[in-house]
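Some notes on the structure that comes next.
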Amino acid sequence: MSALGQMRFRFCHFGANGVTVMTQHRFSRRFGNSGPGSRARASGATLIGTLLVASALIAGLTMVLKLGPHYLDWQTMQTVFDGLPKSEIREMSKGDIRESVAKRFRVNNLRDFELRKILTIDEAKEGTTLRVRYEKREHLAFNIDVVLVFSEQYRYQ
């Protein structure tokens, strides 16, 4: 072993003419294999690895950009229903409730929703229940579509 921590190995193998050839290889404990033709010097990502990582990042970014706005609308919609006056909902008629919700939707820029299709109002002795349910279909790529289903129930007593 030399001063830098390298070990030298000698190998015998037969050459093309049947002659025994002695070769000497160095192996460094400190720096890995540093002999000729070693892969220790080849470092970094391969082309295929880089393309796979780039395609995964692009696919993730595409999904976030296409699906994110729907989830933001849903969060805003939940804020609208949580902000309804709980004490007044019980005494309001169905038309007044729809009108109040429609005003809040316009203020919060939720314009792509038809309240008659997504909002169900049930009035009972126990209280008023508002059910919100809707689906959004989003095209991702080629023949791949995503269907997002949003559903929530609010009880006002």
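The values are calculated or read from the model by the stated rules, or taken from the named source; none is laboratory data. Owing to the predicted nature of the structure, the values given are computational and were not obtained by experimental measurement. Cβ placement follows ideal geometry from the backbone for every residue including glycine, while neighbour counts extend to all protein chains displayed.
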Find all pairs meeting these conditions: Cβ atoms under 8 angstrom apart; at least six residues apart or on different chains; first residue within the range 83-102 and touching a residue at least 12 places away in the same chain (Cβ under 8 Å); second residue among the basic types (K, R) and surrounded by 10 or more Cβ atoms within 10 Å (Cβ to Cβ). G83/R104; L84/R104
Considering only the range 123-141, state which residues are under 23 Å from L110 (Cα atoms), among the acidic types (D, E) and surrounded by 13 or more Cβ atoms within 10 Å (Cβ to Cβ). E138
Using the structure shown, decide if V132 is in contact with a helix residue (DSSP H, G or I) (Cβ under 9 Å, 6 or more places away or on another chain), touching a residue at least 12 places away in the same chain (Cβ under 8 Å) and part of a helix (DSSP H, G or I). no
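Which count do you get for residues in the range 84-108 that are touching a Ser or Thr at 6+ places or on another chain (Cβ under 8 Å) and either surrounded by fewer than 16 Cβ atoms within 10 Å (Cβ to Cβ) or of a type in the set (F, W, Y) (or both)? I'd like the intermediate steps shown before the answer.
First, the residues of the range 84-108 that are touching a Ser or Thr at 6+ places or on another chain (Cβ under 8 Å): 84, 89-90, 92, 97, 108.
Now narrow it down to the ones that are either surrounded by fewer than 16 Cβ atoms within 10 Å (Cβ to Cβ) or of a type in the set (F, W, Y) (or both): 90, 108.
Matching residues across the range 84-108 total 2.
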May I ask you to verify whether R41 is more than 30 Å from Y134 (Cβ to Cβ), part of a loop (DSSP other than H, G, I, E, B), modelled with pLDDT under 60 and of a type in the set (D, E, K, R)? yes
Of those in the range 89-109 that are of a type in the set (K, R) and either in a loop (DSSP other than H, G, I, E, B) or closer than 20 Å to Q75 by Cα (or both), the residue modelled with the lowest pLDDT is R90
